[in-house]
Each structure stands twice: as C-alpha cells, then as structure tokens.
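Nothing in this text is a laboratory measurement; each read-out follows from the coordinates by a stated rule. Computed from a predicted model, the values in this text were never measured in an experiment. Methodologically, a virtual Cβ is constructed for each residue, glycine included, from the backbone with ideal geometry; neighbour enumeration extends over all protein chains shown.
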Amino acid sequence: MSTGTTASVSTHILDTSIGKPAEGVAISLSARTGTTGEWTALGSSATDADGRCKDLPALPEGTTHVRLDFETETYFLKKKQAEAQQDAPRVRDSGAFFPEVTITFAVNPGEHYHVPLLLNPFGYSVYRGS
C-alpha cells in the first residue's frame, strides 16, 4: 500500500531467447538517499511462473535511488540443465554471458516504478514500464 510519500517498485523478466517469462530468478532490492548515500539492502525475492516479482519490500521514506540486482547466472544454468535432460539439440551456448544484471535508477516520492528486464544469454534491455 502506497502512502503517497514513498516510491514503489515492481519488476518482471521476459527471456527473449524463448519468448517466455523467466521463472525463479533471484532479485535483491537496495535503496539509498542522495547520490552519495550508502546502499541499504531491503530484501530479496524471486520471479514467479509469470516472470513477475510481486513481493518486493516497500521503499523507505526519503529514498532517491533504487538498485535491483538480478541473479541471472543461476537461471541460465538451470535452463541449460533442463535442455540437456530433454536431449534438445543445441544451436548455441546457453550459458550466461552476464552472470548478474544490476539496474540502478532514480525515483520520486509517490510514484510507482515498474522496471521490466528483457533478458537473453548474451544481452539484456531494461525500461520504465507502466
């Protein structure tokens, strides 16, 4: 529930290499006040079957910057193991070139920030969603 004085954050991940949500990606949320403030870890969660992370903790009042850390390496290792078990032909290496993705962004009080991550083994893109 938003009090109108703090910003809120949500995210989801789409694995663009398969066109499906990325399930089970661990995400950590940190915040700071001001451009030189210390980062404070607020908590962590993981994406659900729809690639969404719906239970990120609330941001403290006065937060000006947010950092989302996505643990992508574990996701791609699990995906690679699943492909091997299915004896699927491998057209490309399915390891993670980026073992983690960190997105840092500025926030304003009272606004909601939905930050989707479009992910594949060799690249990613992020944007402010709605």
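Summing +1 for each Lys or Arg and -1 for each Asp or Glu, what net charge is found among the other residues whose Cβ lies under 14 Å from the Cβ of TYR113? Before the final figure, lay out the partial values.
Numbers: positive: ARG67, ARG128; negative: GLU111.
Local charge sum for TYR113: +1.
Across segment 12-53, the residues whose backbone nitrogen lies under 18 Å from the label position 7 Å along the beta-carbon direction of SER125 are 12-22. Arranged from fewest to most other beta-carbon atoms within 10 Å of their beta carbon, ILE27, ILE18 become ILE18, ILE27.
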